[in-house]
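The values are calculated or read from the model by the stated rules, or taken from the named source; none is laboratory data. None of these values were measured; they are calculated from a predicted model. Please note: Cβ atoms are built from the backbone with ideal geometry, for glycine as well, and neighbour counts cover all protein chains shown.
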Ligand SMILES: [Zn+2]
């Protein structure tokens, strides 16, 4: 199966062209430019968009706007090309890139998204960091807090901190209707929160 | 065929328009109900809804026009101004649709879109003219010289007039969106009952924050019972003040540049008193007053389209340059 995978949930977007498990190419860019990378990957691979058989998209959690961009790309491509879509959590893809590590994505406002059994949003000091290796831009941002709590964070420039689309492709299982692939926000909008 | 997509505020819209300006379809999914409980558009809630609606709306626009993506030659999308998070949903979908088919993409300015609502069949209104753009997001006077050349003569210094309608409706305990609610209630009231002076600012600019404050004071002075009794008078007087300000400035603009023809576009162009107060002006057809994608596709006919792959990193912008 020839698939294109991408994730725009964090500041560094990732994309990969994967053919039956073989990674033909992987690139990183800004979320708004990820289609440039997708285009480059296809051209380098000598592949036309119409030959794609599946789309894999990172569903967050991360920047709300970034997550939505990825899903809008995926759903539009699915409509246009008539191919199915699979969604993969950004945290799960991070974890797949560093087996055993705790994936942590910066959620801004002094909080992080973390996948510890389940995906949740919490303050860095509430993450069970002790004795764990932490990866992701949230791990880098709150390195001091996590290290104080007995956690270990890979060096800042370690690529384990970045989502890599090859792992999204690897984790993708159920391909189906694009609209069934939903964004993972983990937070309700502030305006709603004020009412509940 | 041109496929237009619009997601700048709280309407998710897609349309099919031909190069000649015939509307094949014009689908608008309004989110007004979703935002009603907040009395205004909540950007994050709007953006989430746009993502849910944008592809279904595109699919319906194609179906309604009896066409398919295979017939589309150009994708047009609102790039700004508006809510960036909301705009990016439409821009991303448009980029992906265009890229997958190697189509060109026309990034359209939302204000040009409103003006281009006048250029659609069956009764196109052609430049030159002076155009009043009055909506929830904008209040501007434009000198429209040609399809692709527009100069801003004046704009609001604070609230947009549509916002002034919404805020007034909230003060009067009416629903959202407020324009339609005030328009309906005003018919039962006396527009001369209250004096709500609109601030006169120099030049051709507008200011609506003062008139909103005078409505607030008037409402505060009344007991709950009196307010109930005089609500229609308040609505009528408030609407009269807003419309008068729009009409005066529009006439002044036309006189200043010697324009013989005047047009009114945008959501507030649907207001019955405004339409009646400018009987000689051309008002946009009612279905094209509020935000829609037919006007975006229409404007795209005079925009330099970006060929594949130059639009792949296209971003949205929040405010006018
Ligand atoms: Zn508008």
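Assuming residue B:46 fulfils every condition listed in (1) at the interface with another protein chain (Cβ under 8 Å from one of its Cβ atoms); (2) out of contact with any strand residue (DSSP E or B) (no Cβ under 8 Å at 6 or more places or on another chain) apart from one, which condition is it?
Here residue B:46 meets the rest and fails (1).
Answer with yes or no whether residue B:298 is within 16 Å of the ligand (Cβ to nearest atom), out of contact with any strand residue (DSSP E or B) (no Cβ under 7 Å at 6 or more places or on another chain) and outside the structural domain of residue B:155 (by TED's automatic domain parsing).
Values: within 16 Å of the ligand (Cβ to nearest atom): yes; out of contact with any strand residue (DSSP E or B) (no Cβ under 7 Å at 6 or more places or on another chain): no; outside the structural domain of residue B:155 (by TED's automatic domain parsing): yes.
Spelling it out, it is not the case that residue B:298 is within 16 Å of the ligand (Cβ to nearest atom), out of contact with any strand residue (DSSP E or B) (no Cβ under 7 Å at 6 or more places or on another chain) and outside the structural domain of residue B:155 (by TED's automatic domain parsing).
If you check residue B:276 against the conditions, is it surrounded by fewer than 17 Cβ atoms within 10 Å (Cβ to Cβ), over 25 Å from residue B:147 (Cβ atoms) and within 14 Å of chain A (Cβ to nearest Cβ)?
Working: surrounded by fewer than 17 Cβ atoms within 10 Å (Cβ to Cβ): yes; over 25 Å from residue B:147 (Cβ atoms): yes; within 14 Å of chain A (Cβ to nearest Cβ): no.
The answer is no for residue B:276.
Looking at the stretch A:115-196, what helices (runs of 4 or more DSSP H) fall wholly within it and have at least 2 residues that are at pLDDT 95 or above and crowded, with 18+ Cβ neighbours inside 10 Å?
Details: elements: A:137-141, A:143-148, A:165-171, A:190-193.
Because the criterion is at least 2 residues that are at pLDDT 95 or above and crowded, with 18+ Cβ neighbours inside 10 Å, the helices (runs of 4 or more DSSP H) in the stretch A:115-196 that meet it are A:137-141, A:143-148, A:165-171.
Going through the stretch B:1-27 one residue at a time, which ones are touching a strand residue (DSSP E or B) at 6+ places or on another chain (Cβ under 6 Å) and within 16 Å of the ligand (Cβ to nearest atom)? So that I can check it myself, show each step before the final result.
To start, the set of residues in the stretch B:1-27 that are touching a strand residue (DSSP E or B) at 6+ places or on another chain (Cβ under 6 Å) comprises B:1-6, B:8, B:11-17, B:23-27.
The answer is B:4, B:5, B:6, B:8, B:11, B:12, B:13, B:14, B:15, B:26.
Taking the condition within 16 Å of the chain's Cα centre (by Cα), assigned to a strand (DSSP E or B) and crowded, with 24+ Cβ neighbours inside 10 Å, does residue B:79 pass?
Details: within 16 Å of the chain's Cα centre (by Cα): yes; assigned to a strand (DSSP E or B): yes; crowded, with 24+ Cβ neighbours inside 10 Å: yes.
Answer is yes for this residue.
If you check every pair at least six apart or on different chains, which have Cβ atoms under 8 Å apart with a residue in the stretch B:285-298 that is closer than 7 Å to residue B:15 by Cβ first and a residue that is assigned to a helix (DSSP H, G or I) second?
Close Cβ pairs (under 8 Å, with a partner that is assigned to a helix (DSSP H, G or I)) amount to B:292/B:117; B:293/B:61; B:294/B:117; B:294/B:288.
It is to be established whether one or more residues within the stretch B:96-109 are under 19 Å from the mean Cα position of the chain (by Cα) and either buried (at least 24 other Cβ atoms within 10 Å of the Cβ) or away from the ligand (no atom under 12 Å from the Cβ) (or both). Write out each step before concluding.
Here is the first cut: in the stretch B:96-109, the ones under 19 Å from the mean Cα position of the chain (by Cα) are B:107-109.
Narrowing the set further to residues that are either buried (at least 24 other Cβ atoms within 10 Å of the Cβ) or away from the ligand (no atom under 12 Å from the Cβ) (or both) leaves B:107-108.
Yes: one or more hits.
Name every residue in the stretch B:68-97 that is over 13 Å from residue B:5 (Cβ atoms) and facing chain A (nearest Cβ under 9 Å), in order of residue number.
Residues of the stretch B:68-97 that are over 13 Å from residue B:5 (Cβ atoms), as a first pass: B:68, B:70-71, B:73, B:80-81, B:83-85.
Across the stretch B:68-97, the qualifying residues are B:84, B:85.
Test each condition in (1) over 11 Å from residue B:100 (Cα atoms); (2) out of contact with any strand residue (DSSP E or B) (no Cβ under 7 Å at 6 or more places or on another chain); (3) at pLDDT 95 or above for residue A:32 and report the one that comes out false.
Just one mismatch for residue A:32, condition (3).
Hey, does the stretch B:223-244 have a residue that's away from chain A (no Cβ under 14 Å) and within 17 Å of the chain's Cα centre (by Cα)? Break it down stepwise before answering.
Kept after step one, since they are away from chain A (no Cβ under 14 Å), are these residues of the stretch B:223-244: B:223-244.
From what is left, the residues that are within 17 Å of the chain's Cα centre (by Cα) are B:242-243.
Yes, the stretch B:223-244 contains a residue that is away from chain A (no Cβ under 14 Å) and within 17 Å of the chain's Cα centre (by Cα).
Which one of these does residue A:47 not meet: (1) part of a loop (DSSP other than H, G, I, E, B); (2) in contact with a helix residue (DSSP H, G or I) (Cβ under 7 Å, 6 or more places away or on another chain)?
(2)
Being within 7 Å of chain A (Cβ to nearest Cβ) and at pLDDT below 85 is the filter here, so list the residues in the stretch B:30-43 that pass it. Please lay out each step first, then the result.
Narrowing the stretch B:30-43 to residues within 7 Å of chain A (Cβ to nearest Cβ): B:38, B:42.
Selection gives B:38 alone.
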